[in-house]
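Here is the structure we will look at, set down as structure tokens.
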Amino acid sequence: MAEIAIKDTSLKEVQIEALCVMRIAKHATQTFPTPATGFLVGMDINSQLQVTNTFPFPAAVPDASTTQDQYYQADAASLAAAAPRAKSNVGYQAEMIKMVKEVNVDAQGVGWYISANMGNFVSQNFIENQFFFQRAVDEKTVALVFDVSRTSQGSLSLKAYRLSPSFVTAYKEGKFTTESLQKSNLRYQDILVELPVQVHNSHLLTAFLHQIPSQPPEKTALDFPTSLSELSHDPNISSNPLAPNLDSLDLSIDPFLEKTCDLLLDSIENHQIEQNNAQYYQRSLAREQAKIQQWQQKRKQENVLRAQQKQPALSEDEWQKLFKLPQEPSRLESLLVGRQVEQYARQVDGFSAVVSGKMFGVKGNLLPGELA
């Protein structure tokens, strides 16, 4: 009997149109520093998810029960981050997809996007939004994270994430206690799964970019530039739209390295706070358990005396009414903070690698007495 091959339908790659990247970048820069969120439309082909269209979510507003004073006290960033799962935006998605179907283009919801600042996106809102899209069994959705600060320096920072199957299972159960985490072996590294992102251009656009005419230099012999700033202001180079980015030759330390280190320290402090809360719970639990043991020993001694006096024994389970064990706090926030610390550490590693490479490249000029 011939074996039937099971087709792997898991996502392994995300392909996004260049026009969609421009739309996301425009929306993110307009709302910066408030997070920008939007809906992704496209289609899935085997293990590849293609994003062919995007549209932003309307600005989220509090519920009708919220008073005017509470409205002004509401955090605009939290409202914007929670926009993808708002009831009003769910209906807005359905209406937009209906209109897209009428013009006969891709009309499959493939996820959502959010803008970030210095990689600060791992939060409770992000997890709830992605779980909202990923809760179905046969879904194929991703969360695109566009970093405005990194992209402003000339390098596109666009990454795609999905929740891991193990984390989705734990999130459905809603139990993030120490016992459940040890049983499922869930770590902060297992929260998100990153997928490679490929920016796609149509063949007509690619042919147009290769055919952009460039003016030849006016002089046959070009003078050697005296500095990098003079080279970057050369009209013969700056007029060419396909010229390389000369800012990458700057030898100054990346200004974002210091800011990322500050954010890393803040995340480590938040992680320490979560650890202190967990230790406080353990101490409170140990005190209550010690009280319960003392009460049980005392009750056993009373029952021994009552047995000698031929009296009925007292119940030894009465401690459940007299003592109340403290409830263990959720460890989800601790996992998210740990994942955010890892994100900042990766960014510091990337910044340091680029700066170190530049320094080694110009070592001969920095240290004239030594050979490069």
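For the range 154-186, a tally of residues being among the basic types (K, R) and in contact with a Leu (Cβ under 8 Å, 6 or more places away or on another chain) returns 2. All of (1) in a loop (DSSP other than H, G, I, E, B); (2) touching a residue at least 12 places away in the same chain (Cβ under 8 Å); (3) loosely packed, with under 15 Cβ neighbours inside 10 Å; (4) not aromatic (F, W, Y) hold for Q296 with one exception: (1). Being at pLDDT below 80 and either exposed (fewer than 11 other Cβ atoms within 10 Å of the Cβ) or farther than 30 Å from E179 by Cβ (or both), is that true of even one residue in the range 337-350? Yes, the range 337-350 contains at least one residue that is at pLDDT below 80 and either exposed (fewer than 11 other Cβ atoms within 10 Å of the Cβ) or farther than 30 Å from E179 by Cβ (or both). Taking the range 28-43, which residues are in contact (Cβ under 8 Å) with a residue 12 or more places away in the chain and of a type in the set (S, T, N, Q)? If the condition is that a residue be in contact (Cβ under 8 Å) with a residue 12 or more places away in the chain and of a type in the set (S, T, N, Q), then T29, T31, T34, T37 are the ones that fit. The set of residues in the range 309-319 being under 26 Å from K175 (Cβ atoms) and either exposed (fewer than 10 other Cβ atoms within 10 Å of the Cβ) or modelled with pLDDT of 80 or more (or both) consists of D317 alone. Of all residues in the range 92-106, at least one satisfies being in contact with an Asp or Glu (Cβ under 9 Å, 6 or more places away or on another chain) and under 20 Å from D44 (Cα atoms).
Tell me, which residue of the range 1-37 that is within 17 Å of Q134 (Cβ to Cβ) and crowded, with 17+ Cβ neighbours inside 10 Å is modelled with the lowest pLDDT? Once the filter is applied, the top-ranked residue is L11. Can you tell me which residues in the range 38-81 are at pLDDT 65 or above, more than 19 Å from M99 (Cα to Cα), in a loop (DSSP other than H, G, I, E, B) and hydrophobic (A, V, I, L, M, F, W, C)? Correct list: A59 only.
In the range 82-136, the residue that is surrounded by the most Cβ atoms within 10 Å (Cβ to Cβ) out of those that are assigned to a loop (DSSP other than H, G, I, E, B) and of a type in the set (A, V, I, L, M) is V122.
Scanning the range 280-295 for residues that are at pLDDT below 85 and either over 14 Å from L325 (Cβ atoms) or in contact with a His (Cβ under 8 Å, 6 or more places away or on another chain) (or both) yields a total of 0. Contact map, the range 44-56: residues that are outside the structural domain of K98 (by TED's automatic domain parsing) paired with residues that are at pLDDT 85 or above and aliphatic (A, V, I, L, M), Cβ distance under 7 Å, separation 6+ or inter-chain. No pairs are found. Scanning the range 142-157 for residues that are in contact (Cβ under 8 Å) with a residue 60 or more places away in the chain and crowded, with 19+ Cβ neighbours inside 10 Å turns up V142, L144, F146, V148, S149, R150.
The values are calculated or read from the model by the stated rules, or taken from the named source; none is laboratory data. This is a predicted model, so every value here is computed, not measured. No Cβ is skipped: glycine too gets one built from the backbone with ideal geometry, and neighbour counts run over all protein chains shown.
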